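Everything on this sheet refers to the single structure shown next.
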Amino acid sequence: MTSDRQAAPAGGRIELRSVTKRYGRERVVDAVSALIQPGEFFSLLGPSGSGKTTTLMMIAGFADIDEGSVWVDAQDLSSSPPQRRGFGMVFQNYAIFPHLDVFENVAFPLRARRLPEAEIRTRVQAALELVRLDRFADRFSRQLSGGQQQRVAIARAIVFQPRVVLMDEPLGALDKNLRYQMQVEIKQIQRRLGMTVVYVTHDQEEAMNMSDRIAIMNNGRIEQVGEPAFIYENPSNEFVARFLGEANLVKGVVDSVDGPFGLLRLASGQRLRARVAASSAWQAGEAASFFIRPERLVLISDAQAPAHETQTEQLRGKVLRTSFLGNILRHDVEVDDAAVMTVDEPNASGRAPVAAGDRVCIAWRSQDAVFLKA
Amino acid sequence: MASKRAVADGSWLIAPALALLVLGFIGPMVLFFARTLISQGGLPELAALVTKVVTSEAVTTALIKTQWIALLVTLAVLLISYPLAYYMANRSGLKFTLVLFCIIVPYFTSIIVRTYAWMVLLGRNGLINQTLTSLGWITEPLELLYTETAVVIGMVYVLLPYMVLTLYAAMKSIDPSLMRAARGLGAGPFYVFRRVYFPLSLHGVISGSLIVFILAIGFFITPALMGGPSDVMIAMLIERAVEITLDWPGAAVMSLVLLAVTLALYAVYYRVTDVRRMMGA
């Protein structure tokens, strides 16, 4: 049904200028700056205590900004109360009003804005159709499942066509399958309405699935901002590498740098080739970490090692353990210098069986590995 | 078999309380009603007695007065308690403890002591009149004591904790994220209160009002000590019938009327609190 398509709201450009929040002497959000484009799906991703929710609460107006400012469409909203900022909001615990039915919950922002009754009816109806809850208008929250309650919260946040919708871990309370389904739905609604979404989550898969760009937060600061695939392949430091999925990090010393590639020397004396990021300068003798994703590593049995053509780099090791994870098999391999690397192998038919204790060879393409500053 | 089951499921745990209730309260009450009412003879005589007592001017006046005072007290208690409970529900630490202390401590003090304290304040030569006179605001002492106002003030003071604690419990069970959601969705503070907070605290308002009203209609000491000649409440009338006029049948009928009203209100109260449980609030 495309008839219920609503007009894309104009604007929705958010700018955070050195936003800071202090609790006592601790800076829980420390000079965070970001520019979020109109219609962008922007995620704040980080572990608990990283300051992502506090940042969102400062954008929403629920937490005072100690330093810096929040601008929306060239307007400084830093000191406006939440109800004047005009954002839609979705909370982790849904916050459905228990004394109002679904219709009145969704109508709430419209009634608060004193819209005429006829318009309220049309808009609530359209919003409920959008989240496929039009048959549940007279239900109360206690009669709805978690997923349905979340849909009510989403309908309520978009019904007044806000330029910006803020979402604070909206899928945190749902089980895994439902969460994925809701991710797709939220993304579809956001695309269709063309609204800006600022989305807080600690689930990296969720962030990568939905976001146009992700800001990885840690200790009150943004560690890295970028498109999901780019950050995944090119983390700027070890924290980002670890947080955005599984990561192999092997410590060593820069041996030499030659154009886009460099050599890292391990304690064992082995040399590993990897890309060097153009943005960072490296000096020989500097401590660094060798980074590669587990799925970019390939296990080859010792015998066929020399014959393997597409992989350019190799390390020998011994399989410590093998985990069956359904779609993949995860092998922990002890490489020569006592470092353990994780290798993910797709659960495809016809693979050679690997067991703990096997001597194997790990291979990869040098462009899949990166040096990170230690 | 039955006693074995009682031991097994723990019913005996409530046996002492049950015995006390039956022997000390229900038993004497039933006995009192039965003896005084049966002594009237047959049903027609009993009906005549009930009609006579209930339609007598003293009883109707006292019933109206009782409910009027109970209503005034309930409204006054509600108006004072709501902001107080709101304050408590949104504070913690020392501020909360201090307010709670101020509400609970009088609650543990005897009603008579508290009533006499008010009489000291409101009397003809009481603290209030003395202060106002010395300030030169009045020349003649105000008639504060032995008025309906005095009764209401005294009863409000005694009944306040019931309302405050009921409202506090109701307010504490309101999820604060709901108010935040309402503000985030564009509602100003007053709209949030009117549309979200107050409706969610309403079951506490109803429960508290019913409990205060129920307690108020049975009040005896405060109106007896602080009221004027026209401030006769139903409990006082019952006491007079038993102690002074020795009209036990009349007292029995009046008591039954009071009991019936109380039970009817309690039934409503029970429904309200039951609904609250259903709401899961």
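Ranked by solvent-accessible area (1.4 Å probe, protein heavy atoms only, all chains present), the residues A:ASP30, A:ASP76 order from largest to smallest as A:ASP76, A:ASP30.
For the set A:SER211, B:SER134, the ranking by accessible area, highest first and with no ligand, DNA or RNA atoms included, is B:SER134, A:SER211 under a 1.4 Å probe.
The mean accessible area for residues of the range A:246-373, using a 1.4 Å probe and ignoring ligands and nucleic acids, is 50 Å² per residue. B:THR262 exposes around 40 Å² of accessible area when a 1.4 Å probe is run over every protein chain in place.
Here the contact order of chain A, divided by its residue count and restricted to Cα pairs under 8 Å and six or more residues apart, works out to 16 percent. Treating each Cα of the range A:116-191 as an identical point scatterer and ignoring solvent, apply the Debye formula and state log10 I(q)/I(0) at q = 0.17, 0.20, 0.24 Å⁻¹. Calculated log10 I(q)/I(0) at the listed q: -0.67, -0.92, -1.26.
Cα extents for the range B:1-105 along the principal axes, largest to smallest and rounded to whole angstrom: 64, 55, 19.
Normalised by 2.2 N^0.38 Å, where N is the number of residues, the alpha-carbon radius of gyration of the range A:14-233 equals 1.00. Shape summary: the range B:46-280 maps onto an equivalent ellipsoid whose semi-axes, from the alpha-carbon gyration tensor, are 36, 27, 14 Å in decreasing order. Taking every C-alpha pair closer than 8 Å and separated by at least 6 residues, the mean separation divided by the residue count of chain B gives a relative contact order of 25 percent. Normalising the Debye intensity of chain A to I(0), with uniform scatterers on Cα atoms only, and taking log10 at q = 0.13, 0.15 Å⁻¹ returns -1.04, -1.21. When the alpha-carbon atoms of the range A:246-373 are used, the pair Rg, Dmax equals 14.7, 45 angstrom. Between A:GLU67 and B:SER92, the FRET efficiency estimated from the beta carbon spacing at R0 = 22 angstrom works out to 0.20. Among beta bridges from DSSP that stay inside the range A:152-242, the antiparallel ones total about 50%.
Work through the residues other than B:ALA181 whose Cβ is under 10 Å from its Cβ and net out their charges, Lys, Arg +1 and Asp, Glu -1.
+2
Bridging of B:LYS65 to lysines at a Cα separation below 22 Å is possible for B:LYS52, once same-chain residues fewer than 8 apart are set aside. If r is the Cβ-Cβ distance from A:ALA355 to A:SER268 and R0 is 30 Å, what FRET efficiency results, to the nearest 0.05? So the FRET efficiency works out to roughly 0.75. Taken over the protein assembly as shown, the percentage of Cα pairs per 10 Å bin, counting from 0 up to the bin with the maximum distance, is 3, 11, 15, 15, 14, 13, 11, 7, 5, 4, 2, 0. In this structure A:GLU26 has an accessible area near 120 Å², from a 1.4 Å probe over the protein heavy atoms. Adding -39500 (n - 2.57) for every DSSP H run of four residues or longer, then dividing by how many residues chain A holds, sets the calculated 222 nm ellipticity at -7000 deg cm²/dmol.
Beyond a 27 Å Cα-Cα separation, which of these cross-linked pairs lie in this structure: A:LYS52/A:LYS187; A:LYS52/A:LYS251; A:LYS251/A:LYS318? Pairs exceeding the cut-off: A:LYS52/A:LYS251. Out of all DSSP beta bridges with both ends in the protein assembly as shown, state the antiparallel percent to the nearest 5. Looking only at bridges with both residues in the protein assembly as shown, the antiparallel portion is about 80 percent.
For the range A:158-278, a Kirkwood radius taken over Cα pairs fed into Stokes-Einstein (20 °C, viscosity 1.002 mPa s) yields D = 126 µm²/s. Residues A:GLU185, B:GLU57 ordered from highest to lowest accessible area at a 1.4 Å probe: B:GLU57, A:GLU185.
Of the solvent-accessible surface of the range B:46-280, computed with a 1.4 Å probe over protein heavy atoms with every protein chain present, carbon and sulfur atoms account for 71 percent. Taken along the Cα-to-beta-carbon direction at a fixed 7 Å, the label points for B:ALA15 and A:GLU227 span 8.0 nm. With a Förster radius of 45 Å applied to the C-beta separation of A:ARG135 and A:ARG296, the computed FRET efficiency comes to 0.40.
Of the chymotrypsin sites (Phe, Trp or Tyr not before Pro) found in the range B:46-118, those that fall in a DSSP loop while having at most 14 other beta-carbon atoms within 10 Å are B:PHE108. Using a Gaussian network model of chain B in which every pair of alpha carbons under 10 angstrom is joined by a spring, one finds that among B:LEU46, B:LEU84, B:LEU165 the greatest mean-square fluctuation is at B:LEU46. Element breakdown for chain A at a 1.4 angstrom probe: carbon and sulfur atoms account for 47% of the accessible area. Note on B:LEU215: accessible area approximately 60 square angstrom, rounded to 10, probe 1.4 Å, nucleic acids and ligands left out.
The values are calculated or read from the model by the stated rules, or taken from the named source; none is laboratory data. Model, not experiment: these values are computed from the prediction. A quick note on method: Cβ atoms are made from the backbone with ideal geometry, for glycine too, and the neighbour counts reach across all protein chains shown. SASA here: full protein model, heavy atoms, side chains in, ligands and nucleic acids out. Shrake-Rupley method; radii C 1.70, N 1.55, O 1.52, S 1.80 Å.
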